[in-house]
Amino acid sequence: MARYTGPSCKLCRREGTKLFLKGERCTSGKCAFDHRSTAPGQHGAARKKVEEYGKQLREKQKARRYYGVLERQFVKYYEMAEAQEGMTGENLLILLERRLDNVVYRMGMAASRKEARQLVLHAHFTLNGKKVAIPSLLVKPGDVIAVRESSRDSAKVKELAELLQSVVAPKWLDVDKANLTCKVLNMPERADVDFPFEEQLIVELYSK
């Protein structure tokens, strides 16, 4: 499957905000966005008048890049959100929060969603006791995510387990830091999304 492999900081500069795509680096003095926050390209620093469509597009791109989802997959999530009861924008963000790679990141077993996706792809986790390697799987209440027994002795997992100790997981996840497991207590809510999205702009974009 295709995946963006260019500089992560370039995406933050294009969206004009930190998307926290590189873990601890984004909060350190080495963050490229702190040194150069203008959009990439020859005319990135020039002031441009942003029309309503531009605002809607940027908000959609911001959400897509924040969660590491490609366009076709993002459209599928939107269609799922639209078919559900309630507000489409909130439904969309909740679906993205339920992705397995996002849950691995939220529980504290990865420094970024990109790293979480790689760990899932390399089958370092189990879902309800079964090996899983699909980052886009949507978790539900009662699901248990755990580090595989065969992966617990690896240097990388031990390093991430230390990171886990300092992470505060959202209230919809019950993380057992000692056993490297996480149980989904309930569905995430809009208030659990810790990034200031204006999801109504995304709904307006796809409603045209």
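Please treat every number below as a calculation from the coordinates, not as lab data. In this text, all values refer to a predicted model and were calculated from it rather than measured experimentally. Neighbour counts run over all protein chains shown; Cβ positions are idealised from the backbone, glycine included.
Worth a mention:
- Note on the range 64-89: residues that are under 21 Å from Asp143 (Cβ atoms) and touching a residue at least 12 places away in the same chain (Cβ under 8 Å) total 7.
- You will find that of Ser154, Ser136, Ser150, the residue that is in contact with an Asp or Glu (Cβ under 9 Å, 6 or more places away or on another chain), closer than 20 Å to Arg117 by Cβ and small (Gly, Ala, Ser) is Ser136 and no other.
- Filtered residues of the range 124-137 (kept if touching a strand residue (DSSP E or B) at 6+ places or on another chain (Cβ under 8 Å), touching a residue at least 24 places away in the same chain (Cβ under 8 Å) and either among the aliphatic types (A, V, I, L, M) or over 26 Å from Leu92 (Cα atoms) (or both)): His124, Leu127, Val132, Leu137
- Screening Tyr105 against (1) buried (at least 17 other Cβ atoms within 10 Å of the Cβ); (2) more than 17 Å from Lys183 (Cβ to Cβ) leaves a single unmet condition, (2).
- Residues of the range 175-198 satisfying the condition of being over 15 Å from the mean Cα position of the chain (by Cα), within 17 Å of Met87 (Cβ to Cβ) and surrounded by 15 or more Cβ atoms within 10 Å (Cβ to Cβ): Glu198
- Pick from the range 138-174, criterion touching a strand residue (DSSP E or B) at 6+ places or on another chain (Cβ under 6 Å), among the aliphatic types (A, V, I, L, M) and part of a loop (DSSP other than H, G, I, E, B), ranking: surrounded by the fewest Cβ atoms within 10 Å (Cβ to Cβ): Ala169
- Residue identified as more than 21 Å from Asn179 (Cα to Cα), in a helix (DSSP H, G or I) and among the aliphatic types (A, V, I, L, M) among Leu95, Leu119: Leu95
- A count restricted to the range 108-124 and to residues that are farther than 23 Å from Asp192 by Cα and either small (Gly, Ala, Ser) or buried (at least 18 other Cβ atoms within 10 Å of the Cβ) (or both) stands at 3.
- Among the residues of the range 175-208, those that are out of contact with any Gly (no Cβ under 8 Å at 6 or more places or on another chain), in a helix (DSSP H, G or I) and farther than 13 Å from Ile94 by Cβ comprise Leu201, Glu204, Leu205, Tyr206.
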